[in-house]
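The values are calculated or read from the model by the stated rules, or taken from the named source; none is laboratory data. Just so it is clear, the structure is predicted and the values come from calculations on it, not from any experiment. Methodologically, a virtual Cβ is constructed for each residue, glycine included, from the backbone with ideal geometry; neighbour enumeration extends over all protein chains shown.
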Amino acid sequence: MRADTERLPPVAASSPGLVRLPAGLSLAGHMPGSTFASQRYRLLVCCGTAPSVEFWHAVDLVSGREVGLTIVGAAGHGSVVDRVDTDDVFARTVWMCGVRSPAMTRILDMVDTDSGGAVVSEWLPSRSLGEVASTRPSRAAASQSIRPLVNTMRRAHEMDSILDLENPGRLRIGERGDVYLAFPGTLPGADRAADVRGLGAALRGLVTGGVGLTPVSATASAW
């Protein structure tokens with residue numbers, strides 16, 4: 001296979017309804033099996049955390065569909081999780097609602113609650129960067145997989161918008177083998193340099209077996 005067309009292997013569909021129970025709570029007190037937003041969403045698997053934000057695979061209990069939740073502004077235990085202005089996050093994210101790109105999941109809703117807000121996005125059959133990195137893909141395949149996201153980032157920057165790609169927990173590998181933004185929601189302070197760093201870290205992690213793909217804050221969640 002030619003190097004410029006080499007791709008990561010396709011992703012098998014995930015099993016709906018799977019609940020993985022942890023040994024304890026996430027930094028913001030959420031745990032798999034619990035609900036969020038007035039019992040609208042049931043949390044299934046935490047895909048990553050950072051100060052003031054968590055990335056969850058969840059189920060919409062009204063529609064029955066699987067979704068991704070970027071939960072922001074939640075109060076943590078003491079000062080472990082910083083508060084952010086959810087309205088600010090929504091204002092920085094709303095432009096993505098009209099974007100249709102294989103490098104970005106579709107935003108379904110934005111919800112605000114007393115315990116924090118969330119950007120609700122379409123859930124796609126996918127794997128984490130770490131899972132794919134463990135298979136040691138070739139440099140050519142890794143570079144090809146990230147190309148659509150690079151193009152989407154460039155278009156966003158041309159519009160003076162930010163994707164907020166710095167945390168690798170936001171990114172997943174879809175059915176076609178492409179890296180995509182699975183958990184949109186731009187935090188205050190995110191900038192173009194952070195987007196570039198995030199893409200570089202994702203590519204480096206894929207070709208080095210996952211080095212640098214798990215941020216320190218994510219390891220604090222009980223998994």
Q.
Residue under question is residue 118, and the condition is that it be hydrophobic (A, V, I, L, M, F, W, C), touching a residue at least 60 places away in the same chain (Cβ under 8 Å) and in a helix (DSSP H, G or I); does it hold?
A. no
**Q.** Tabulated pairs, region 93-115, first farther than 13 Å from residue 182 by Cα, second hydroxyl-bearing (Ser, Thr, Tyr), C-beta under 7 angstrom, 6+ apart or interchain
**A.** 93/186; 95/161; 112/86; 113/38
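For residues that are of a type in the set (Asp, Glu) and in a helix (DSSP H, G or I), tally how many sit in region 172-206. Break it down into steps so the answer makes sense when it comes.
Within region 172-206, the first condition is being of a type in the set (Asp, Glu), and the residues that meet it are 175, 178, 191, 195.
Retained after the next criterion (residues that are in a helix (DSSP H, G or I)): 195.
Count: 1.
Any idea how many residues of region 87-140 are farther than 19 Å from residue 39 by Cα and among the β-branched types (Val, Ile, Thr)? It would help to see each step written out before you state the result.
So the first thing to find is which residues in region 87-140 are farther than 19 Å from residue 39 by Cα, and the list is 87-107, 124-140.
From what's left, among the β-branched types (Val, Ile, Thr): 89, 93-94, 99, 105, 107, 132, 135.
Going through region 87-140 one residue at a time, the tally reaches 8.
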Q: Could you grab the pairs with beta carbons closer than 7 Å, sequence gap of 6+ or different chains, first residue in region 29-45 and over 17 Å from residue 70 (Cβ atoms), second one at pLDDT below 90 and among the hydroxyl-bearing types (Ser, Thr, Tyr)?
A: 38/113
Q | Where residue 151 falls short, out of the listed (1) surrounded by fewer than 24 Cβ atoms within 10 Å (Cβ to Cβ); (2) part of a strand (DSSP E or B) | A | (2)
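Scan 67, 19, 45 and give me the residue that is at pLDDT 95 or above, among the aliphatic types (A, V, I, L, M), under 23 Å from residue 122 (Cβ atoms) and not assigned by TED's automatic domain parsing to the domain that holds residue 160. Write out each step before concluding.
Numbers: 19 fails: at pLDDT 95 or above; 45 fails: at pLDDT 95 or above.
Residue meeting the stated conditions: 67.
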Q | Considering residues of region 157-182 that are in contact (Cβ under 8 Å) with a residue 40 or more places away in the chain and aliphatic (A, V, I, L, M) only, the residue surrounded by the fewest Cβ atoms within 10 Å (Cβ to Cβ) | A | 159
